[in-house]
Structures are given as structure tokens and as C-alpha cells.
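Beneath this line is the structure, given in C-alpha cells, with notes to follow.
Computed from the coordinates by the stated procedures, all read-outs in this text should not be read as laboratory data. Since this is a predicted model, take the numbers as computed values, not measurements. Because the Cβ atoms are built from the backbone with ideal geometry, glycine has one as well, and the counts that use them run over all protein chains shown.
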Amino acid sequence: GDQKWPMRWEAVLCVLVLQAAWALAGGQVRYSVPEEAKAGTVVGRLAQDLGLEAGEAEARRLRLVAQGRRASVEVSGASGALLVSSRLDREELCGKSAPCALRLEVLLERPLRVFHVELEVTDINDNAPVFRVDEEALNIAELSVPGSRFPLEGATDADIGANAQLSYTLSPSEYFSLDHQGNNDESASLGLILTKALDRETIPVHRLVLTATDGGRPSLTGTMELVISVLDANDNAPQFNQSVYKVKAPEGSELGTLLVTLSATDPDEGINSDIIYLFSRRVSTKVKEMFTIDENKGEIRLQGKLDYEETDSYEIPVEARDKGSPPLSGHCKVVLEVLDVNDNAPEVWVTSLSVPVSEDASVGTVVALLSVSDRDSGENGRVRCWVWPASPFGLEATFAGSFSLVLREALDRERVSEYEVEVRAEDGGAPALGARRGLRVPVSDVNDNAPAFAQAVYTVLARENNAAGAELARLWARDPDEAGNGRVSYSVWEGGAGGGGGWRAASSYVSVDAESGRLWALQPLDYEELQVLQFEVRAVDAGEPPLWGNATVQLFVLDENDNAPALLPPAGPAPEAGAAAAEAAGAGAVVAKIRAVDADSGYNAWLRYELWEPRGKGPFRVGLYSGEVSTARALDEADGPRQRLLIVVRDHGEPARSATATLSVSLVEAAEAALAAAAGSSPGPGGAASAATNVWLVVAICAVSSLFLLAVVLYVASRWAPRAAVLSGPGPTTLVCASEVGSWSYSQRHSRSLCVADGAAKSDLMVFSPNFPPPPPGPAVENGSAGKGPSLSPLASSLVRVFENLRIFFLSLVV
């Protein structure tokens with residue numbers, strides 16, 4: 001462009017010169033200069049064109065008359081040429097007027113002369129098209145029909161002519177085109193044509209560039225941005241980001257728990273995109289009761305109690321609705337899965353119970369059928385069961401959820417008559433929940449136990465002369481069975497006693513009550529007739545078949561002092577009065593011997609002899625226990641020819657019984673005594689034996705008395721010791737044999753006969769340590785064998801027994 005300017009200015013100058021010449025010819029000078037000419041540019045040779053000679057313009061002071069505004073040209077004083085002095089802007093000087101001519105007055109002095117010069121400022125393309133705004137906003141409805149025209153404001157160009165001839169172009173767009181009608185910029189109509197239906201949701205705003213180009217060479221352009229906003233129409237329904245929302249929540253969740261927040265979008269805008277959330281019209285009443293939805297936030301919260309066992313899932317249809325007119329809706333579904341929580345304990349039911357169970361039931365017998373369930377699921381509903389205690393029952397699974405309570409061990413009703421069984425169940429949750437079901441299993445009785453007496457042998461002591469019907473003892477047999485199987489009846493089974501009168505059955509002496517076991521006497525007992533009665537008592541239960549048990553009863557009859565001593569006749573022939581003595585006999589000579597026997601036994605048969613007459617210091621004396629009548633001193637004539645002795649024989653019973661013997665003693669001369677002695681039996685060693693016997697008798701009595709005194713002292717001391725249950729308690733049976741004079745000896749379960757020189761042999765069977773059966777429930781039984789006084793301690797009782805036996809033993813030796 002810069003290289004073309006000199007050539008352009010040469011052409012302009014030629015034109016100006018021609019114009020000036022034309023002007024002078026017409027009487028007015030006219031010049032033409034392009035706008036924007038540089039300062040100093042020669043517009044024309046004014047002095048020459050005015051016909052002035054060289055130097056005349058300076059001499060006559062050629063100048064421009066001052067204008068009201070600052071001139072953009074000036075006259076050179078030296079050359080008289082018209083020059084550009086400042087920037088010439090046609091648009092500023094003339095605007096849109098054409099042509100743009102400036103009228104100048106030129107003053108010439110000496111002589112004064114005025115010339116009119118017309119200066120035309122020609123247009124160059126120095127102004128680009130200009131739009132009123134850089135950006136124009138248009139609002140077009142989304143539902144506008146293609147072909148619709150929207151007017152636009154065009155651009156302006158300060159230039160004129162061809163430089164102001166504008167053409168328009170639009171940036172490429174498939175939705176819009178440009179409509180430009182007419183060539184005159186003032187009358188031209190510019191519009192925007194819609195060529196394709198708009199979709200605000202696809203392109204909400206279209207940005208286009210409108211370009212205006214003038215006709216200059218080179219042409220200049222101006223641009224304006226068109227911002228086309230598509231006005232929304234409610235042509236889109238709300239859309240959820242998911243068609244199905246899957247939500248999980250544990251049962252028992254707190255009320256108000258947020259389950260899910262729904263999100264729906266509407267590509268529309270404004271009120272057309274304002275969305276509210278609500279349950280669909282086809283939602284069930286149950287869902288409305290269980291859940292709430294926030295219409296603005298789309299939050300679904302819990303307002304009811306979730307129970308997996310009642311409902312394990314919910315389907316909640318939800319609608320999103322915009323506020324357009326008409327409103328449009330979108331739909332989705334919320335599927336809530338309720339998660340199981342171990343909130344249900346197992347349940348145990350007894351579907352069948354077969355009780356009572358017979359004690360002879362076989363192992364494997366089904367006692368009960370159980371049903372076990374848990375409303376939870378998975379591990380929370382998996383139940384394990386067991387029975388407690390572990391025996392004698394067990395559980396066997398039959399099929400899912402069913403169990404059988406079976407017998408694992410043999411039963412014994414007498415050991416355990418009833419079982420409290422607990423079936424326990426526990427699920428697999430964490431923490432685990434359990435349940436218990438108690439079962440009462442009674443055991444029915446079978447007759448599998450025979451009656452059993454507490455002792456195999458009962459020792460019963462009964463005093464003779466007891467009244468008929470008197471209770472002797474009470475037997476008791478235990479049968480652990482129940483009802484008829486344990487109801488015992490008693491009877492005397494077998495046994496009896498033999499003697500001088502022959503064998504007699506025990507049933508003739510005693511009887512036993514069938515129900516109570518009371519043993520009573522049928523008739524008074526006589527020790528002298530019957531000392532020991534041994535028999536068996538049978539106890540039979542009422543079971544089917546009945547069972548029985550036996551016990552042996554040893555009935556010992558205790559002697560009473562019911563027989564007085566009986567005198568026996570002398571052993572050989574006697575003198576006239578039954579006894580004789582020599583007049584000259586010395587002290588200690590045995591004159592006679594009184595013989596007596598007592599049908600009783602023990603102390604009751606222990607006899608002692610006393611001389612009642614004569615009283616005082618007679619010549620005779622009687623051995624206390626031997627009955628020998630001997631001289632107490634030497635006899636003399638003063639004693640008289642005949643002595644009458646009254647001797648009393650007394651036993652040791654309580655009360656004592658006695659017999660009286662009268663002995664007449666005649667005194668004879670020594671020759672007669674010798675003759676009598678020769679006629680009688682020879683004394684042999686009998687005299688020495690009698691003397692020895694008397695000595696041993698004295699020693700034995702002293703020893704036994706001392707021991708008996710010690711036993712009494714111990715007995716008194718034992719009163720302060722703890723009392724035993726009974727004096728005659730269970731223990732081994734000890735039999736004692738006593739002689740006619742009361743001597744005693746031991747024998748274990750058999751009798752020994754002790755014979756004396758005079759009189760018939762006698763065997764008395766006594767019981768030293770009787771054994772009594774334990775009394776049955778009920779009032780205590782009193783019989784002859786149980787003392788009513790205070791009981792001895794075991795130690796004292798044993799000592800008394802030992803000392804008593806020792807005393808009797810010594811007495812037996814002496815006798």
C-alpha cells in the first residue's frame with residue numbers, strides 16, 4: 001500500500017492543476033485534496049494560479065483570512081503555494097455530505113484584493129463498517145417454526161460512496177441464514193432466517209458472527225456477535241438417573257432413617273425444570289404408611305418399622321413432575337431389600353409328649369416330638385438344639401426343624417421318679433439368641449423291686465407272762481416301687497420251736513399284722529416252756545407278678561422271776577432227821593447239804609441260803625451259795641442233844657422268791673458218829689473240794705463286786721455323755737447260757753449246757769445284745785425289749801456288758 005501512494009499523489013496533483021486552471025478561467029480557484037493527506041502536502045500553486053509573479057506573493061503578503069475554526073491548510077509565504085497544515089478528516093469536516101467543499105478567502109495586500117478559493121476534500125476508505133453494539137442478544141422461542149424471520153440492525157460506515165457500500169455475511173450455522181434486501185445502507189433490510197427447528201436442550205444458546213464489508217479498495221469489515229438464546233418450552237419430561245434404585249436397610253432401623261435420595265433432571269429451564277417428587281398414584285397404602293418422600297429433595301425416609309419376617313422387600317413407585325404447563329412426569333422404582341437382623345430367638349414347640357415313661361422302656365424309645373424354628377434367615381435362622389441335662393435323654397433330628405426326644409439310658413424310677421428336661425436351642429447369629437423349653441417327664445413304675453427288710457435277722461426280746469395281744473416288735477420292709485407295686489403285706493411264713501411238748505409252729509405263738517408289720521403275741525409266753533422262737537416273716541408286694549422278701553426273726557423270751565426255789569430230796573439215805581453230827585466234831589465240819597433248784601434262770605435262779613433259826617451264835621452255819629450246813633464251832637454238851645435248824649432258800653429275782661427247809665440235827669457219841677460215817681458213803685476228796693469251793697466263791701464275789709461297782713460309776717458318768725438312739729440297737733446276736741444258780745457263759749449263736757454236780761442239767765438261752773429293726777414311720781413302739789429309762793453311751797454300755805459278763809463268768813467258775 002505504501003508503494004502505491006506516490007503514484008496516487010501524482011495523479012491527484014495533475015487533477016488539481018487542471019482544476020485550478022479551469023477555475024482561473026472561470027474567475028474562481030478550485031482545488032481538491034484527499035482526506036488524511038500528510039501535513040506539508042502541496043494542494044495547489046495558489047500565487048501562480050492567481051497570476052502573481054515570482055516574489056510578488058511574499059511582497060504583497062498573500063495569506064488566508066482567518067476562519068472561525070482552525071484551518072487545515074495554509075499558504076506558504078515564500079512560494080505562495082497552498083499546503084496541508086493539519087489532518088484533514090472528511091468525515092469530521094462534512095460527515096456524510098458529498099461532495100465535501102471548503103470555502104477559503106485569500107487576502108492580497110498593496111493593493112488589497114480578496115480571492116475565493118474552494119477546496120474539496122475527497123473521501124478515502126478510512127472507516128470500517130461499525131455496528132451499534134459489539135454483541136446483540138436475541139431471544140427465539142424453542143418452538144419457532146423454521147422460516148421465521150427475525151430483523152437485525154445493520155452496520156454503519158462513515159465513508160461515502162462506494163466506500164460506504166456494505167455487504168453482510170453470517171458465520172456458518174445449520175439453524176440460521178441471513179436475509180439482506182436492498183443496496184442502500186439506510187433503506188436496506190437485514191434479517192435472520194430460522195432454517196431448522198431449535199432444541200434448547202441440545203443447544204440453548206447459539207453464538208453467530210455477523211460481518212459487514214464495505215466497497216472500498218481495499219475493503220474494510222466490521223463484526224457483531226449475535227447471541228441467540230433459545231426460549232425454553234416444556235417439551236421434556238423429568239428423567240431419573242436410574243430407572244430402578246436398589247436400596248438395602250436392616251430391619252429394626254430407626255424411624256426417620258434416610259433410605260435413598262432420588263435425583264431427576266429436566267433439560268428444560270425455569271419453571272419447566274422445577275421438579276417435585278411424589279409417590280406414584282399406583283403406590284400401595286402399606287408403602288405410604290411405611291415411607292415418606294420429600295417432594296423438593298427427593299429423600300425417601302423410613303416412618304414405619306421394618307420387619308424382615310413380615311416383609312423382606314418393598315417396591316416403591318416414584319414420580320418426578322415438573323411445574324410446566326402442562327406438567328410432564330418421569331417415573332422410577334425404588335426396590336428396598338430388608339436385611340435380616342438376628343432379632344428373633346428360636347422357638348421350641350412340643351408337638352407330642354408321651355408321658356409317663358415306663359421305667360422298663362427300652363433305649364431309643366421316643367418320649368416327645370419337638371418342632372424348632374427361627375423366623376430369621378441365613379445364619380440367624382440356623383438353629384442347633386440339645387437337651388440338658390445330657391442324660392438319660394437325647395435329641396435326634398428327624399427332618400428340618402423337627403427333633404425327637406429319645407431315651408438314651410435305662411431308667412430306674414426308684415432312683416429318679418421324675419425328670420425335669422430342658423430342650424435348649426441357639427441360632428447362629430452374632431450375638432446368638434437362644435430359647436429353652438422345659439419338659440416334665442415322669443417315670444411310671446413297674447414291679448421290679450422286691451420288698452426288702454432292713455435286716456436279714458431281727459432279734460426280739462419278750463418277757464415271759466406277757467399279755468396275749470401285746471406288741472412284741474414292729475417289722476418294716478421297704479419296697480421302693482409305688483402304689484400297688486410298693487404296697488407290702490406281711491405274714492408269718494415258717495418256723496417254730498421244739499421242746500418237751502414237741503414241735504410247735506411259730507404261728508401258734510405270734511402273728512404279724514398284714515399291713516403294719518406289727519408283731520404281737522397270740523398267747524402269754526412262758527420262758528420255762530419256750531426260750532427261743534425262730535421263724536421267718538415274708539413281705540409280699542401287690543404287683544403283678546408279686547415279689548417278696550424274707551427276714552428271720554429270733555424271739556428270745558426273757559425270764560421273769562415267776563418260780564420259787566424248790567427243795568430237792570437228799571442225795572442218799574440219812575439219819576432219822578435227815579442229818580447227823582458227831583458230838584465231838586470240830587469247827588467247819590459239814591453236817592448236811594441243802595439242795596434246791598429254781599425253774600427260772602439267771603439271777604432269778606441264783607440261790608442263796610440263809611440260816612434263820614436259831615438266831616445268834618448257834619453252833620451251825622449255812623454256806624451262802626453252797627447250801628452246806630457246817631459247824632461254826634466245836635460242839636459240846638451245852639448245845640443239847642438235838643438242834644432244829646430253819647434254813648431259807650432265796651433267789652435273786654425282783655421281787656425275790658424263797659423256800660424254807662427245816663433240818664433236825666441230833667448229837668451222838670463219837671462211837672456212834674464213827675458207825676454212822678462207816679455206814680454212809682465215804683467222803684473221799686469231797687470235803688477238800690468243798691473247802692476249795694468256798695475259798696473261790698469268796699474271791700469271785702469280791703472281784704465281781706468291785707468290777708460291778710466300777711461299772712456303776714461309769715454308768716453314772718455316762719449320763720452326761722451324748723445319748724445313743726436306743727439301748728438295744730442293731731448288732732450281732734449274742735447268746736448266753738446260764739446255769740440253775742445263775743452262772744453265765746458266752747456262745748455265738750448257739751447254746752452251751754452248764755451242769756452242776758447235783759440236780760438235773762439246765763440250759764437257759766439268753767440274749768446279751770439284742771438287735772431291733774428300725775421302726776417304721778409312725779409313733780414309736782414300746783415293747784419289753786426297749787427300756788424307758790435314759791440311754792447309755794456306747795462306751796458305758798460296752799463296759800457294763802463286759803463287767804457283767806466277767807462277774808457272771810467268775811461266779812460260774814466258783815460254782
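Kindly provide the Kirkwood hydrodynamic radius of the stretch 135-231 in Å, to one decimal, from all pairs of distinct alpha carbon atoms. Walk me through the numbers on the way to the answer.
Values: mean 1/r = 0.0708 Å⁻¹.
The Cα-based Kirkwood calculation yields 14.1 Å.
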At 0.36 nm per residue, minus the direct Cα-Cα distance, what do His116 and Ser508 gain on full extension? Give it in nm, one decimal, please. 121.3 nm
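Expressed as a fraction of 2.2 N^0.38 Å, the rule-of-thumb size for a compact globular protein of N residues, what is the C-alpha radius of gyration of the stretch 96-152?
2.55
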Obtain the nm distance between the two label points defined at Ser352 and Ser148 by a simple spin-label model: each point lies 7 Å from its Cα along the Cα-to-C-beta direction. 8.6
Cross-link list Lys286/Lys323; Lys288/Lys323; Lys248/Lys305; Lys38/Lys96: which exceed 19 angstrom alpha carbon to alpha carbon? Lys286/Lys323; Lys288/Lys323; Lys38/Lys96
DSSP-defined antiparallel bridges as percent of all bridges, the stretch 172-323, nearest 5: 100
Rounded to 0.05, the calculated FRET efficiency for the beta carbons of Ser706 and Trp386 at R₀ = 60 Å is 0.20
Using amide H atoms built in the peptide plane, which far-off residues or other-chain residues are under 5 Å from Gln239 H to H? Thr265, Asp266
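When the gyration tensor of the stretch 317-443 is built from Cα positions, what are the square roots of 5 times its three eigenvalues, in whole Å, from largest to smallest?
53, 12, 10
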Here the residues of the stretch 148-180 lying in the modelled label zone of Thr195, meaning backbone nitrogen under 18 Å from a point 7 Å along Cα-to-Cβ, are 148-152, 168-180
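Could you work out the per residue convex hull volume over the alpha carbons of the stretch 226-307, in cubic angstrom?
Numbers: hull volume 9.4 nm³, N = 82.
About 114 Å³ per residue, rounded to a whole number.
Would you mind getting me the FRET efficiency between Leu339 and Glu422? Use the beta-carbon distance for r and R0 = 22 Å, nearest 0.05.
Here the calculated transfer efficiency is 0.10.
Tell me, in nm to one decimal, what length is gained between Asp179 and Asp526 on full extension, where the rule is 0.36 nm per residue of separation less the Cα-Cα distance?
Stretched out fully, the Asp179 to Asp526 stretch lengthens by 108.5 nm.
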If only Cα atoms are counted, what is the Rg of the stretch 188-275, and what is its Dmax, in Å? 24.7, 87
Short to long, in 10 Å steps from zero, the percent of alpha-carbon pairs of the stretch 508-659 per bin is 9, 26, 20, 14, 11, 9, 6, 3, 1, 0
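What share of the DSSP beta bridges in the stretch 239-339 is antiparallel, in percent to the nearest 5?
On the way: 22 of 29 bridges.
Bridges in the stretch 239-339 that DSSP calls antiparallel: roughly 75 percent.
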Take Ala432 and Ala98, extend 7 Å from each Cα along the Cα→Cβ direction, and tell me the distance between the two endpoints in nm. 10.9
Taking amide H atoms as placed 1.01 Å from N in the peptide plane, list the residues 5 or more away in sequence, or in a different chain, whose amide H sits under 5 Å from that of Ala470. Ala521
With Rh as the Kirkwood radius over Cα pairs, the stretch 452-558 has Rg/Rh of 1.01
What ³J(HN,Hα) values, in whole Hz, does the Karplus curve 6.51 cos²θ - 1.76 cosθ + 1.60 give for the stretch 44-53 when θ = phi - 60°, with x put for Gly and Pro? x, 8, 5, 4, 5, 6, 8, x, 8, 7
So, in nm, how far is label Thr257 from label Ala467 when the simple model puts each one 7 Å beyond its Cα toward the Cβ? 9.1
³J(HN,Hα), Karplus 6.51/-1.76/1.60, whole Hz, each residue of the stretch 257-266, x for Gly, Pro: 5, 6, 8, 7, 10, 7, 9, 10, 10, 10
Along each of the three principal axes of the Cα atoms of the stretch 224-373, give the extent in whole Å, ordering the values from largest to smallest. 114, 28, 22
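Which trypsin sites (Lys or Arg not before Pro) in the stretch 605-652 sit in a loop by DSSP (not H, G, I, E or B) and have at most 12 other Cβ atoms within 10 Å of their own Cβ?
Counting only loop positions with at most 12 other Cβ atoms within 10 Å, the trypsin sites (Lys or Arg not before Pro) in the stretch 605-652 are Arg615, Lys617.
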Interchain or long-range residues, amide H under 5 Å from Gly401's placed H: none
Rounded to whole Hz and in sequence order, give me ³J(HN,Hα) for the stretch 430-445 from the Karplus expression 6.51 cos²θ - 1.76 cosθ + 1.60, θ = phi - 60°, writing x for Gly and Pro. 10, x, 6, 10, x, 9, 9, 9, x, 10, 9, 10, x, 10, 7, 8
